[in-house]
Amino acid sequence: MEIWYSFVDHFLPFAWTHHTFMKNALLAVLLVSPVFAIMGTMVVNNKMAFFSDTIGHSALTGIAIGVLLGFQDPLWIMVIFSVLLAVAISMLKTLTGASTDTIIGAVSATMVALGIVILSRGGGFNKFSRFLVGDLLSINPKEVLLLVFTLVGVILLWGIMFNKFLLASVNPSLARSRGIPVRLVETLFCITTAVIVTISIQWVGILIINSLLILPAAAARNISRNMRQYHVASILITLTSGIAGLLMSYYWSTATGATIVLFAALFYLGALLLKPRFA
Amino acid sequence: MTYTDTILKSQRKSCGLCCTKLENFGVTIGKTEILSDLDLHIHCGDLTAVVGPNGAGKTTLLKAILGEIGHTGKLSFLDAKDCRRNPVVGYVPQRLDFDLGAPISVLDLFSACSSSWPVCLGHSRRLRERASASLASVQADHLLNRRLGDLSGGELQRVLLAMALDPGPDLLLLDEPVSGIDVQGKELFYNLVSDLRRQYDLSVILVSHDWSLLSRYADRIILLDRTVQCCGTPEEFFSNEKILRAYGPAVREDADQIRLGPKIIHRRGGVHA
């Protein structure tokens, strides 16, 4: 961390970088952005926008279970819970054959309700509201390290599995004929999405985390013609809106996550307008 | 480069798979029995056509052979020495259900199939050449950098065929590969498949509704409706009383369409599918 601090002091000698929390947050943005950008591309490809939304909302129940079990820091409980939920949703999907949005709609509402009921017992819901909005500026070096591991993990996963994810998303039968265990690959992807969404939720916030995942990829999709352009565009958009959002939230004193999402939304709008040139 | 050269280059040694054997084969999904009591023996070098009404279980049969759906009974792939082996299966789906807006280029899809290097990092020159050569074999090399969503139906099916042929498969499964494609496109597709299986001893299972084209290209036709209703060479098949009674009109209609084919080509003046 010391290296990063001196790097920032040396190369970015601005008023806002005098605060250590801003240095931490900047590093966090630089780490989280690529993760969300590349995960987002495949989430959008798989039409899983509502899936990741459900995982985000269900974090509330994860927190509630953690609190019930008496943990101070419910992160691990949340991760385990969301992984279980991800597996459950993909199993429900294959077993019942019902349409995904019905299942997800049902699960999402139930989980939010359950979480609120447990957490609001005794009127103490307010202290959990930080999870709803998220607070990127409160991130500490230990948590930044967790993000480093997440980024490395996602890059490794992409290196090994990307082609399989892509084929399974294009056509399961085609993927099956290539010897890809489609169901396993899909479940693995669901689990990864769940873990990443859950890890980032306390800094971005339950209400907006899904937009951060979907918006950059959806924007990049409009202006790219192949997978490489798609990823590059998505990463650039997330990084730019991440940094811009962090800065502006500092000057406007607004919630960081929401400000970042607004910038991403601007990019989406811009990409929509540019689409006719690329399509 | 002719397409035989390019196929030779990308092809593994000539296939050692000699037959695909289905014994007492059945598929039940939920409580619905979709296929039952199937006994089939598919030899290599044979183009076996599967016909039948909608809902007869044709696509289910292919998916069960692929292993996507569970099945009862025995499915075995035997090579020349009667040893079991895991064959390379090529598959061309009926319709590639994908998001038309997805930024996937033909090259992306091709590389995703044939290498493990993540497609999102770009493509090596070697892969690009290999894909280009493979696509050339189905007269589609000009489509290399196009977006999947921009291809026409016939172009997309040819790209899928090229992918199914690389690496050289032992068994090629075609699920109504050319439904909804114009007559020239169909003939081009069937000619390619027919040549390929002769040269490389592929077993081909083709699901189709194009009766008249089948009679020209298939070695064997199977009428499937929950089980094998009738099986034989095209001559046997089309002289079967039962078949003619049930499908006569459809067969004649398709035959008429084929006879019209050359006229259409003539009028358009050398338009290629």
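Working note: Karplus 6.51/-1.76/1.60 with θ = phi - 60° gives the range B:59-65 the couplings 5, 4, 4, 5, 5, 5, 5 Hz, where Gly and Pro are set to x. Would you mind classifying the range A:26-90 by shape? Square roots of the alpha carbon gyration tensor eigenvalues, ordered a ≥ b ≥ c; an a/c under 1.5 is rounded, otherwise it is prolate if a/b is larger than b/c and oblate if not. Here the range A:26-90 falls in the oblate category. With the simple spin-label model, which puts each label point 7 Å out from Cα in the Cβ direction, the A:Ala109 to B:Asn191 separation comes to 5.8 nm. Shown for chain A: lysine pairs separated by 8 or more places, or found on different chains, whose C-alpha atoms are under 24 Å apart, numbering 6. Here the range B:209-234 and the range A:182-207 have alpha carbon centers that stand 48 Å from each other.
For the range A:7-41 versus the range A:113-156, the spacing of their alpha-carbon centroids is 18 Å. Nearest 5 is fine: what % of DSSP beta bridges in the protein assembly as shown come out antiparallel, could you say? If we restrict to bridges inside the protein assembly as shown, about 55 percent are antiparallel.
If the segment from A:Leu273 to A:Phe149 were pulled out straight at 0.36 nm per residue, it would be longer than the present Cα-Cα gap by 41.0 nm. Peptides A:149-155, A:23-29, A:267-273, ordered by how many other C-beta atoms sit within 10 Å of their residues on average, highest first, read A:23-29, A:267-273, A:149-155. For B:Ala49, the residues 5 or more places off, or on other chains, whose built amide H falls under 5 Å of its own are B:Leu206, B:Asp219, B:Arg220, B:Ile221, B:Ile222. Among A:Ala37, A:Ala194, A:Ala175, the largest mean-square fluctuation in a Gaussian network model of chain A, built with springs joining Cα atoms closer than 10 Å, belongs to A:Ala175. For the range B:130-142, the Karplus equation 6.51 cos²θ - 1.76 cosθ + 1.60, evaluated at θ = phi - 60°, returns couplings of 5, 5, 4, 5, 5, 5, 4, 5, 10, 6, 9, 5, 6 Hz by residue, with Gly and Pro reported as x.
A straight chain from A:Trp252 to A:Lys142 at 0.36 nm per residue would run longer than the Cα-Cα distance by 36.9 nm.
A cut-off under 12 angstrom between Cβ atoms defines the neighbours of B:Ile221, and their net charge, with Lys, Arg +1 and Asp, Glu -1, is -3.
Phi angles across the range A:221-231 convert, under the Karplus curve 6.51 cos²θ - 1.76 cosθ + 1.60 with θ = phi - 60°, into 3J(HN,Hα) values of 4, 6, 10, 10, 10, 9, 5, 5, 4, 4, 5 Hz, Gly and Pro given as x.
Residues whose amide H comes within less than 5 Å of that of B:Leu172, counting only those at least five positions distant or on another chain, are B:Gly90, B:Ser203, B:Val204, B:Ile205 (H built at 1.01 Å from N in the peptide plane). For the pair the range A:157-176 / the range B:109-128, the C-alpha centres are spaced 12 Å from each other. In summary, the lysines within cross-link reach of B:Lys74, defined as a Cα separation below 19 angstrom excluding same-chain residues under 8 places away, comprise B:Lys21, B:Lys58, B:Lys63. Cα gyration tensor of chain A, axes a ≥ b ≥ c as square roots of the eigenvalues: rounded (a/c below 1.5), prolate (a/b > b/c) or oblate? Cα axes put chain A in the oblate bin.
Take the alpha carbon gyration tensor of the range A:10-146, find the square roots of its eigenvalues, order them as a ≥ b ≥ c, and report rounded if a/c is under 1.5; if not, report prolate when a/b exceeds b/c, else oblate. Oblate, since a/c reaches 1.5 and b/c is not below a/b.
Each value in this text was obtained by applying a stated rule to the coordinates, not by laboratory testing. All values derive from a computational prediction rather than experimental measurement. Don't worry about glycine lacking a Cβ; one is built from the backbone with ideal geometry, like all the others, and counts go over all protein chains shown.
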